[in-house]
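Working notes, beginning with the structure itself.
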Amino acid sequence: MTSDGSLSNNLRVIGELERPDHWHLNADDECYFFGDYTPGGGYSHSAANQLVINLKRHPKFRGKPAWRHKVRAIQTCGTLLGRTLNTNLASNSVIVPIPPSKPPDHPEFDDRMIQIAMNSDPFRHADLIRNTTARSPLHHSDQKRDIDAIYSALAIDLADLGDATTCFLLDDVLTTGASFRACVRKIGEIDQIKRVVGVFIARCARPRVEFPMLDIPSKN
């Protein structure tokens, strides 16, 4: 998709190299991502940053010229998702957006992930999990994520679940993995669901710290 290598047409697995960046994930969590988002890198840093920043445009820009960039990003992600997921799974699976930090009745509620899921033909989507309490987005807060607190604010709506046995939990950016883990716990209360897979447009790629080699003299 891009020439800078930050965004791929194919899903990449969160493996042993990537998992330490997302410390709430368990070793047996099945998670995939398309791109590497660099926090603080800005719009011009990479194609992945451009896509994520456009996706995250605040609802206050709705109806303004800049909103078209968000709409285009949503369409791009939906098409990418529908083309990449194994279509053989479409009949018994459902795409479930991880709910945003604001509940549906909040003026700052952002339904971008719902819109992406709706554009992911041939897969069905279900607004299975709702957030009932407003909280600050992770990138706007210095507080550590509390999985128990996130979980306690979640509610389940089974109306659109159908006969799905596989759930693709969808979010724009994987940061610590706390929201994902809270949603996995909540979905675990649904006996019908046998497999939960995390799918992320991008993951936070944290720079590796390189320590210089020290020339330590030996003892005589």
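Residues in segment 73-86: is at least one within 30 Å of R195 (Cα to Cα), in a loop (DSSP other than H, G, I, E, B) and among the hydrophobic types (A, V, I, L, M, F, W, C)?
yes
More than 30 Å from S152 (Cβ to Cβ) and either touching a Pro at 6+ places or on another chain (Cβ under 8 Å) or not basic (K, R) (or both): which single residue out of L25, L55, L80 fits that description?
After ruling out the rest, the residue left standing is L80.
Which residue pairs have Cβ atoms closer than 8 Å, lie 6 or more positions apart in sequence or on different chains, and pair a first residue in segment 63-81 that is under 11 Å from L51 (Cβ atoms) with a second residue that is open to solvent by 100 Å² or more (accessible area, probe 1.4 Å) and not in a helix (DSSP H, G or I)?
So the pair list comes out as L80/M1.
What's the total number of residues in segment 50-66 that are open to solvent by less than 40 Å² (accessible area, probe 1.4 Å) and either modelled with pLDDT under 95 or touching a Lys or Arg at 6+ places or on another chain (Cβ under 7 Å) (or both)?
4
Name the single residue, out of those in segment 11-40 being among the aliphatic types (A, V, I, L, M) and touching a helix residue (DSSP H, G or I) at 6+ places or on another chain (Cβ under 6 Å), that is least open to solvent (accessible area, probe 1.4 Å).
Per the stated criteria, the residue is L25.
For segment 45-72, give me each residue that is within 13 Å of D172 (Cα to Cα) and either part of a loop (DSSP other than H, G, I, E, B) or β-branched (V, I, T) (or both).
V52, I53, K56, R57
The values are calculated or read from the model by the stated rules, or taken from the named source; none is laboratory data. What you see is a predicted model, and the numbers here were worked out from it, not measured in a lab. With ideal geometry, Cβ positions are generated from the backbone for all residues, glycine too; neighbour counts draw on all protein chains shown. In case anyone asks, the SASA skips ligands and DNA or RNA and just uses the protein heavy atoms, side chains included. Shrake-Rupley method; radii C 1.70, N 1.55, O 1.52, S 1.80 Å.
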